[in-house]
Amino acid sequence: MIRNEANTLIREETDHRLLGREVVHPATGRTGTVATVLVRTAKATGRTIGRTAHMRPLDGSGREWTADPRELKLLRRLAPDMPAGLR
């Protein structure tokens, strides 16, 4: 998907390493799944202006948010969700 705005092109980065992954946003403490990453490019120069990740929350709140994907960290579970006796 490519959208034109006044001086920028916006496209979806379909091969970003965080797509579909569970992440934590340290600045807010929120956790979510990366739904999409959009890249803004200057029309005049073709240079990348920035990227924006769109996350869906894991807490069930329904409040989606955006962040710079460079700020996101992969969410690592300490242990699988199984009873202690079975680990």
- Of the residues 18, 75, 86, which single one is surrounded by 11 or more Cβ atoms within 10 Å (Cβ to Cβ), at pLDDT below 90 and of a type in the set (A, V, I, L, M)? 75
- Message: Going by what's in this entry, would residue 47 be described as surrounded by fewer than 10 Cβ atoms within 10 Å (Cβ to Cβ) and of a type in the set (Lys, Arg)?
- Response: yes
- What about residue 36, is it part of a strand (DSSP E or B), under 26 Å from residue 75 (Cβ atoms) and hydroxyl-bearing (Ser, Thr, Tyr)? yes
- Failed criterion for residue 20 (all others in (1) within 9 Å of the chain's Cα centre (by Cα); (2) assigned to a loop (DSSP other than H, G, I, E, B); (3) under 10 Å from residue 72 (Cβ atoms) hold): (3)
- Restricting attention to segment 21-44, which residues are surrounded by 15 or more Cβ atoms within 10 Å (Cβ to Cβ) and small (Gly, Ala, Ser)? 32
- Over segment 39-58, the set of residues part of a strand (DSSP E or B) and either of a type in the set (Ser, Thr, Tyr) or in contact with a helix residue (DSSP H, G or I) (Cβ under 8 Å, 6 or more places away or on another chain) (or both) is 41, 48, 51, 52, 53
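The values are calculated or read from the model by the stated rules, or taken from the named source; none is laboratory data. Everything numeric in this text was worked out from a predicted model, so none of it was measured. When we count neighbours, we look across all protein chains shown, and the Cβ atoms used for this are built from the backbone with ideal geometry, even at glycine.
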